[in-house]
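Colleague: Attaching a single structure in structure tokens format; questions to follow.
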Amino acid sequence: MAFLEAKKVSKFFGALAAVSEIDFTLEKGEILGMIGPNGSGKTTLFNVIVGVYPPDRGKILFSGKDISGKKPHKICHLGITKTSQIVQPFTSMTVLENVMIGGMFGKGLTLSKAKEKAKEFIDFVGLSKYLDEPSGKITVASRRRLELARALATEPEIILLDENMAGLTPWEIDEVLELLRKVNKDMGITLFVVEHVMRAVMGISERIIVLNYGEKIAEGSPEEVAKDPAVIEAYLGEKYA
């Protein structure tokens, strides 16, 4: 039984099939990557998984139980959380307060326990020196780390990472990759990674699925996917495929 599974999942916006008949499995402890051109349905699929949108067809299973259409806070309490493509912390609140929110509302911790755990996760992501700094005053790279710390504060079993390395320098990307490997190996958290930085997603993922126009067009190891003619065509056009 897969840890997380999609069965023929579709999501429509009017007549547009943003996601169409998607199947995938994610095993416990795995790092699964998902790539595809802009508008291919990656973020929509993530939003269906975490309950932002209910699927119009198909279902999502978590540890064998159907979670399709559950509210986002219910899915978070079950153990699945997502970072946002566009980082939007509560800018007037401190880094510490932002992460505490994850523990209090995502895990139901008391104020004192949420504060204690938040400090641990802030230290883990390397933001301790910004503990009492308003989140609106820290850099983009630091906000990406804050987003991860806030997700960790919900004590998830699975984190969906939606372009967590967007806007970062190569050096910053290397640091985040090392951090994510620790999240996976040391904390035992399963990761599902959407990323446009090919070096990053190819370097960290054990398997990769590829979407194009809302459909899954390929699945396999990073090496297999990189050589797939359908993937090359989706990214570069028929001439190069």
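Colleague: Within the stretch 131-163, work out how many residues are within 14 Å of MET93 (Cβ to Cβ), assigned to a loop (DSSP other than H, G, I, E, B) and open to solvent by 50 Å² or more (accessible area, probe 1.4 Å).
Modeller: Going through the stretch 131-163 one residue at a time, the tally reaches 2.
Colleague: Among the candidates ALA141, ALA153, ALA149, ALA241, single out the residue that is modelled with pLDDT under 95, of a type in the set (A, V, I, L, M, F, W, C) and either more than 30 Å from LYS107 (Cα to Cα) or in contact with a Phe, Trp or Tyr (Cβ under 7 Å, 6 or more places away or on another chain) (or both).
Modeller: ALA241
Colleague: Can you tell me which residues in the stretch 9-27 are assigned to a strand (DSSP E or B), touching a residue at least 40 places away in the same chain (Cβ under 8 Å) and in contact with a Ser or Thr (Cβ under 9 Å, 6 or more places away or on another chain)?
Modeller: Hits for the stretch 9-27 are VAL9, SER10, LYS11, PHE12, ALA17, ALA18, VAL19, SER20, GLU21, ILE22, LEU26.
Colleague: Taking the conditions exactly as written (outside any strand (DSSP E or B), in contact (Cβ under 8 Å) with a residue 60 or more places away in the chain, touching a helix residue (DSSP H, G or I) at 6+ places or on another chain (Cβ under 9 Å) and open to solvent by 10 Å² or more (accessible area, probe 1.4 Å)), does ALA166 satisfy them or not?
Modeller: yes
The values are calculated or read from the model by the stated rules, or taken from the named source; none is laboratory data. All values reported here derive from a predicted model rather than from experimental measurement. For neighbour counting, all protein chains shown are included, and Cβ atoms are generated from backbone atoms with ideal geometry for every residue, glycine included. Just the protein is used for accessible areas: all its heavy atoms, side chains included, with ligands, DNA and RNA removed. Shrake-Rupley method; radii C 1.70, N 1.55, O 1.52, S 1.80 Å.
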